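Heads up: the structure comes next, in structure tokens.
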Amino acid sequence: MRISILSTAVVATSFVTAAFAADLPSRQAPIAPIYVPAFTWTGFYIGLNAGGAWADTGHVVVNGPIGGAGSISGSDNGAFIGGAQIGYNFQSGAVVWGVETDIQYVGRGSNASWGQYTWWNGVGGDDGGYFGTVRGRVGYAFDRALIYVTGGLAYGGLNSSPLTGNATSNVGWTIGGGLEYALTNNWTVKLEGLYVDLERDGGTRSFINPPGGLLPGGLYTASGSGGNGAGVFRVGVNYKF
């Protein structure tokens, strides 16, 4: 009898203990959520670009033995550009600050002829040209999309002429803006527009025209005038470290 009562008590105690244990919270550690870091624009980058440039209007005035011999007016002529850039961005919240420098080759554009001489009034010159910039950038990021404005120092030459010389040592300014998008955490693409002004004064050259040409033979001077500015539109790709 006593053994039966004891057995019943043991079984009842076991059921109560099991039921109480079932109500206790599990001691198993919860599974931590997977954390995906937000994209950041902060870091160094390097890249390539290509596009086109369109020059300001200018003209060349030629004077010779018979006085004012004539002039050639320039027009907005386009040329291919291509180059490379390197820079650094720092992101604080949605605002992105940065600095960038680039160097560009400017291909040969078009020219204008008068008599047996050819004058260049567009972008690049008869044998091409170059320019470079050192610019600050500030923009607003929408996650992987960045809208920005940029501006700073420009140097080099956009126009050249066999008569008025190649303006390759001028210093001026540039301003513009663009849109950049991050395809991955390392690769970005961009569309960018700039206005580049290198403050060219034109210069003056002398040449001798031999007899028998469309111009009377003798000593002539050619003076260039007009700006050395150009509008630039380019696409680019960057690798962000």
*Say we look at region 207-241 and pick out the residues that are among the hydroxyl-bearing types (Ser, Thr, Tyr) and modelled with pLDDT under 80; which of these is nearest to residue 85 (Cα to Cα)?*
225
*Quick check, is residue 101 at pLDDT 85 or above, of a type outside the set (D, E, K, R), surrounded by 22 or more Cβ atoms within 10 Å (Cβ to Cβ) and assigned to a strand (DSSP E or B)?*
no
*Hey, residue 198 modelled with pLDDT under 80, within 17 Å of residue 134 (Cβ to Cβ) and buried (at least 20 other Cβ atoms within 10 Å of the Cβ) or not*: yes
*strands (runs of 3 or more DSSP E) within region 35-82 that include 2 or more residues at pLDDT below 55*: 67-73
*Only one of these is surrounded by fewer than 21 Cβ atoms within 10 Å (Cβ to Cβ) and at pLDDT below 60: 185, 111, 121, 159. Name it.*
111
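The values are calculated or read from the model by the stated rules, or taken from the named source; none is laboratory data. Computed from a predicted structure; not experimentally measured. Cβ coordinates were reconstructed from backbone atoms using ideal geometry, including for glycine residues, and neighbour counts include every protein chain displayed.
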